[in-house]
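Engineer: Have a look at this one before I ask anything.
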Ligand SMILES: [Zn+2]
């Protein structure tokens, strides 16, 4: 079974796409919607994607919907009802014995938000629970794709080129091109061999002639070219960039190379991050700060900012630990005093953001953080029985505070 949560595909890396919830297909890759239901649902996804600041909601107006899909007003309203999970009388004929009774309410794919005599009809793409998909994160609004990804609903990439031409694809061509894309993504390959029988089942069509004429539909042909010899059960399929006319197979190979390269780089970086073990770092730290008090996994040392003056008594307040970060982390949140006027608590302001334990050594010894890092590194190399690296000559380095932005 394909995983529900689909990562953004590589197939259409260079082709602009809209995200459509992958409830569009069942677990076998068969389309779950047909004809007007399919066109109207994609049109709803298009509206929700274009209104990217509306949290998956969209205003539905009948005239633009008719123009975009090519269906009649009656067909569109019926499709909208069906997409909201309302039973359809005509559905009864196609329901098989294994399926639920036709009058059972189906899972809604869109939900009504508002609407009435004087209000515009507003709908939302539905979650699996039948709720509005909107995710409120303060002022930050998500795209439909982002919302589908974060709620784990999964999505299917449909080229904008097709979403903007639903009218031209009305009926079988839409079902055929979507299931063609689905097969390419599942392969995954922009060039593949398709079984005609399987393709028809996925698209919900019965006649070979319908499949053939769908391939010949100009809009389908812009994206998908099918080579088929009469009488054969299989056909060769290749996807193309619908505007540039270039094959997507090459793009995909390149995209996969880039992905492999990226993975190699991040693995390398992760290795670098694990350059020193917690134990090695702790040993180095104790050699530099033998006065450090160790409690559990934390070391407490004198804070260069507040000097831990608590109740007039000097207490080490800077906490240092080496199980986090590439070379350890540190922080001081020492309570200093309570302001008399406001009653607010004042804490140590030692800004440890971006500063790690070897910066402490740099401050104390008045050397650059870079030199401190090198010293630390050499200490650990010697500890391992390896040859220390040549250190830079320490010039006169005045430090009023550790330099920021020094890479660790
Ligand atoms: Zn402090």
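Engineer: Scan the stretch 94-111 and tell me whether some residue there is in the same structural domain as residue 25 (by TED's automatic domain parsing), in a loop (DSSP other than H, G, I, E, B), modelled with pLDDT of 65 or more and exposed (fewer than 10 other Cβ atoms within 10 Å of the Cβ).
Structural biologist: No: zero hits.
Engineer: Residues of the stretch 299-332 being without any contact (Cβ under 8 Å) to a residue 24 or more places away in the chain and either away from the ligand (no atom under 16 Å from the Cβ) or surrounded by 15 or more Cβ atoms within 10 Å (Cβ to Cβ) (or both), which ones?
Structural biologist: 299, 300, 302, 307, 315, 319, 324, 331
Engineer: Here's a follow-up. If residue 247 satisfies all but one of (1) over 30 Å from residue 346 (Cβ atoms); (2) surrounded by 15 or more Cβ atoms within 10 Å (Cβ to Cβ); (3) at pLDDT below 85, what's the number of the condition it fails?
Structural biologist: Status for residue 247: all satisfied but (3).
The values are calculated or read from the model by the stated rules, or taken from the named source; none is laboratory data. Since this is a predicted model, take the numbers as computed values, not measurements. Methodologically, a virtual Cβ is constructed for each residue, glycine included, from the backbone with ideal geometry; neighbour enumeration extends over all protein chains shown.
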